[in-house]
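What follows draws every value from the coordinates through simple rules; no lab data is involved. For clarity, every value in this text was computed on a predicted model and none was experimentally measured. In this analysis, Cβ positions are derived from the backbone assuming ideal geometry, glycine residues included, and neighbour counts consider all displayed protein chains.
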Amino acid sequence: MHGYEYDPTYQEHREILAQAIFSKMEATGFQLLPWKGSNEAVFFRPVDGMTGVQILVYTSVVGGSGGIEVRRAGTDAIRVCAVYTNPKGQERGLVKADSRVNRTGHIDDIVNRMYLRMRETWKAAKCTGLCKKCGAPLFISKKGNAVCADTCWVK
């Protein structure tokens, strides 16, 4: 469908990529977060069976002249992560995709790489496990330890 090489210097390419990203988000059941405090479109989807856990996709899509487009700068990328929001409304990161999705190559390939990161992050979020003490999800620390996302050990 969009088999040509993406060139961020062309506004038309930035608009087509933004529309392709929005279409993929809609097709996969992700919803757009309100744009409050963010200059880019962020999508979310709750993880089934994991209370308070959701996948977030930072798309680099911004409002353009009369529509949407991805940012022109090539230094940023699409990022995917999983977060846990505890009952008090505090967020903790659970899973960060191993690599960012650079906006290079064919438009369909960019969207497909984003989708693969979304699936990898979803799978990793489902495998974090739950804290035996409080039931909150676990995340893996930098040292490789499984840690309660609700930090129940300090309460």
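Can you show me the helix-derived [θ] at 222 nm for the chain, built from DSSP H runs with n ≥ 4 at -39,500 (n - 2.57) apiece and divided by the number of residues, rounded to the nearest 500.
Rounded to the nearest 500, it is -8000 deg cm²/dmol.
List the pair-distance distribution P(r) of region 15-88, using every Cα-Cα distance, as the percent of pairs falling in each 5 Å bin from 0 up to the bin containing the longest distance, rounded to whole percents.
In whole percents, the pair-distance histogram is 3, 15, 24, 26, 16, 9, 5, 2, 0.
Can you tell me the length gained on complete extension of the stretch R72 to Y10, counting 0.36 nm per residue apart and subtracting the Cα distance?
21.5 nm
Relative to the compact globular guide of 2.2 N^0.38 Å, what is the alpha carbon radius of gyration of region 3-146, as a ratio?
Numbers: Rg = 16.2 Å, N = 144, 2.2 N^0.38 = 14.5 Å.
After normalising by residue count via 2.2 N^0.38 Å, the value is 1.12.
If a cysteine in the chain has no other Cys Cβ under 4.7 Å from its own Cβ, put it on the list, ordered by number.
Cysteines lacking a close Cβ partner in the chain: C81, C127.
Considering the zone a paramagnetic label at T85 would reach in this model (a point 7 Å from Cα along the Cα-to-Cβ line), which residues of region 8-38 have amide N under 11 Å from it?
33-34
Given contacts defined as C-alpha pairs under 8 Å and at least six residues apart, what's the relative contact order of the chain, whole-number percent?
Result for the chain is 20 percent.
Exceeding 21 Å between C-alpha atoms, which entries from my cross-link table qualify? They are K88/K133; K96/K142; K88/K123; K96/K132.
Cα-Cα > 21 Å for K88/K123; K96/K132; rest within.
Across region 81-155, how large is the tail of the calculated P(r) beyond 19 Å, expressed as a percent of all Cα pairs? Write out the running numbers ahead of the final one.
Working: 1182 of 2775 pairs.
Tail of the P(r) past 19 Å holds 43 percent of the pairs.
What is the distance in Å between the Cα centroid of region 110-155 and that of region 39-68?
18 Å
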